[in-house]
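This report refers to the structure that appears directly beneath it.
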Amino acid sequence: MSIKSFISAAKMLYAEGFYEEALCLTCNAIDACSALTYPNKGVTNRYKLFLKTHFRTISEMGFPGISASGIRIKVNAKIPELKTDNDGFVDMEQIIYHVVRCGLVHSCSINTSIIFTEQTMIGDWNADKFYLPKALVWGLIAAVEQDI
């Protein structure tokens, strides 16, 4: 097993419609890459730093039509894992780490507020839904592939 094999398996799972499973393997690959890149940092800090460092790639591939070095989102959905600032905003790195990665890796599920869409939709317009594009998997895969 290797980071490359996890990414290859994630691509196969995605092609078969297993988006969350593909995302889980990709999140594990990011864990491994971030540990190699930032060995002296704790898992949370190194993971978020990896995402921040590669965010332009993540946004270009994972949020089609968007090219950004960072994205902050106002969150109205009830997602206890997210710690927003006083105005209700949170960095995308927080969402990817605390909601997507931790949910998949620790519980084999994502908060039920998260809805994966075909379109580039980010955020929430209803109190009980938070939208992320399915292409997020490709953005995260591209970030890993830059490191391996």
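The values are calculated or read from the model by the stated rules, or taken from the named source; none is laboratory data. Not measured: the values here are computed from a predicted model. With ideal geometry, Cβ positions are generated from the backbone for all residues, glycine too; neighbour counts draw on all protein chains shown. Surface accessibility is based on the protein's heavy atoms, side chains included, excluding ligands, DNA and RNA. Shrake-Rupley method; radii C 1.70, N 1.55, O 1.52, S 1.80 Å.
Output the number of residues of the stretch 130-148 satisfying the condition of being closer than 15 Å to residue 92 by Cα and modelled with pLDDT under 90.
4
If I ask for residues that are surrounded by fewer than 23 Cβ atoms within 10 Å (Cβ to Cβ) and of a type in the set (Gly, Ala, Ser), which ones from the stretch 12-31 would you list?
Of everything in the stretch 12-31, those that are surrounded by fewer than 23 Cβ atoms within 10 Å (Cβ to Cβ) and of a type in the set (Gly, Ala, Ser) turn out to be 15, 17.
Taking interchain pairs and intrachain pairs at least six residues apart, which have beta carbon atoms under 8 angstrom, with the first residue in the stretch 33-46 and under 16 Å from residue 7 (Cβ atoms) and the second surrounded by fewer than 14 Cβ atoms within 10 Å (Cβ to Cβ) and at pLDDT below 95?
Between residues of the stretch 33-46 that are under 16 Å from residue 7 (Cβ atoms) and residues that are surrounded by fewer than 14 Cβ atoms within 10 Å (Cβ to Cβ) and at pLDDT below 95, the close pairs are 33/148.
Report yes if residue 145 is open to solvent by 50 Å² or more (accessible area, probe 1.4 Å) and either without any contact (Cβ under 8 Å) to a residue 60 or more places away in the chain or in contact with a strand residue (DSSP E or B) (Cβ under 9 Å, 6 or more places away or on another chain) (or both), otherwise no.
Here the answer is no, as residue 145 does not meet what is asked.
For the stretch 92-118, name all the residues that are open to solvent by 20 Å² or more (accessible area, probe 1.4 Å), farther than 15 Å from residue 77 by Cα and at pLDDT below 90.
Result: 118, single match.
Starting from residues that are among the β-branched types (Val, Ile, Thr) and either over 24 Å from residue 109 (Cα atoms) or at pLDDT below 80 (or both), keep the ones in the stretch 72-91 and report whichever is surrounded by the most Cβ atoms within 10 Å (Cβ to Cβ).
79
Is it the case that residue 10 is in contact with a Ser or Thr (Cβ under 9 Å, 6 or more places away or on another chain), outside any helix (DSSP H, G or I) and at negative phi?
Answer is no for this residue.
Output the residues belonging to the stretch 46-59 that are within 14 Å of residue 96 (Cβ to Cβ) and either exposed (fewer than 14 other Cβ atoms within 10 Å of the Cβ) or basic (Lys, Arg) (or both).
Once the filter is applied, which keeps residues that are within 14 Å of residue 96 (Cβ to Cβ) and either exposed (fewer than 14 other Cβ atoms within 10 Å of the Cβ) or basic (Lys, Arg) (or both), the stretch 46-59 yields 46, 48, 52.
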